[in-house]
Structures are given as C-alpha cells and as structure tokens.
Amino acid sequence: MPRANLTTAVIQSAAADIADGDGYDAITISTIARRFGVQPASLYSHVRDLAAVKEGVQELALGELADRVAVAIAGRATTDALHGFADAHRRYATDRPGCWTAVQRPATETTVKSDAAARLSAQLLAVVSGYRLPASELVHAARFVAASVNGYLALNRVGAFDHRTPNPDTSWTRTIAAVDTALSAWPTEETENP
C-alpha cells in the first residue's frame, strides 16, 4: 500500500488483522510498518505511539462487537436477547481472536467514553432491563452477565475445557441457561452489604 494511503484508521485496521493472525502481542510499530512496506517512523505522523494503536484496536473491536450484538438482540427480549448477546460475543471471540483479546484489556478513559463502548454497554443494560429488574440492580446484573460470558470464553480459549467430556458447547448452553435463571430470580430490592 502506498505511503500516501496511510491513515490512523488504516493503521489500526492493519494492527487488528495482525492481532487476529499472529496474536495480540504481535502488534508492534515495526510489524505494522513492514505490512505497509514503510519505515516505522512513517507511522508516527498518523499515530502517537504503540499504546495509541492498541487503544484504537480496542475501540475498533468494541464497535465491531456492538454491531454484531445489535443484530443478535434486535427484536428480542429476556432469554432470547440474552442468548443473542452471549452468542454474538462467542462468535466474535472465534472470528476475531486478536480483537477479542483487545476487548479484554483494561480500557483507557478515552476508550471507556467512546461511542463503541457506550453502545455495547447500552446493549447489555437493555438485555438485563428486559428481566424487569429495579434500576438499582441493573449494573450488578450487567456485571454478572459480562463476567459469566467473558469468564467462560476466556477459560475455553485457553483450553481449560478440552480435557473432559461432554463437549464445551453443551456447557455453554447450560451456562447461559443458568445466567437466565439467575436473572429471572434476581432480587427485586437492593440489599445491604453485611
């Protein structure tokens, strides 16, 4: 690709592709520069540093994931929306493994305030709101769903479930069913911490 075509978005997209193909830790300024056939210094007129590139990959990934979730939960509520939300995450983790890793990294304040992060957060809150939880419980429930989905996917990704039967797909179905049951029985009033 000619140097004149380099933009911040093009560089971040290339970094995302490198992450998916070679692993998130393979993202370096040198690796990206080689992909475009330019010197590393050529990238610095478009990106501040490697941290900025990785922040951009994280925002790109959050946006892609939010797009998938939007389709998966459209017109659905409660159990169906939960399954759509969870399955969209699972497919994204499989299809874009490097970008999935980026989503799991600590986010900067800029990323937290990004449109992509706001959309994904709103989608999760919409899913748990369908269970008719009181407003005071929505964030707790959203954290529970996120921890359940991301925890399962993280363990599966490192092969933690590879050494036993039955197939992890069955366990995934059971996990999401258990999350659905927990949300359906969620406390309707905020309880004090002991």
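Here the label points at Val158 and Thr188, each 7 Å from Cα along the C-beta direction, are separated by 4.1 nm in the simple model. Residue ranges 112-121, 78-87 sort as 78-87, 112-121 when ordered by packing (mean number of other C-beta atoms within 10 Å per residue, highest first). Stretching the chain fully between Thr175 and Ala41 yields a gain of 43.5 nm (0.36 nm per residue, less the alpha carbon separation).
Residue separation of Val112 and Thr28 scaled by 0.36 nm, minus their Cα-Cα distance, works out to 27.9 nm of gained length.
Full extension of the chain segment joining Ala135 with Ala122 gains 3.3 nm, where the gain is 0.36 nm per residue of separation less the Cα-Cα distance.
Given R₀ = 30 Å, what would the calculated FRET efficiency be for Thr7 paired with Thr94, taking r from the Cβ atoms and rounding to 0.05?
Working: r = 29 Å, r/R0 = 0.96.
Taking R0 as 30 Å, the efficiency between Thr7 and Thr94 is 0.55.
The ranking of Ile32, Ile73 from fewest to most other beta carbons within 10 Å of each one's beta carbon is Ile73, Ile32. Given a Förster radius of 41 Å and the C-beta distance between Ala70 and Asp49 as r, what FRET efficiency does 1/(1 + (r/R0)^6) yield to the nearest 0.05? Computed FRET efficiency for Ala70 and Asp49 comes out at 0.80.
Take every pair of alpha-carbon atoms less than 8 Å apart whose residues are at least six positions apart; their mean separation over the length of segment 3-184 yields a relative contact order of 22 percent.
Values quoted throughout were computed directly from the atomic coordinates according to the rules given, and no laboratory measurement underlies them. Computed from a prediction, not measured in an experiment: that's the story for all the values here. We place every Cβ from the backbone using ideal geometry, glycine too, and count neighbours over all the protein chains shown.
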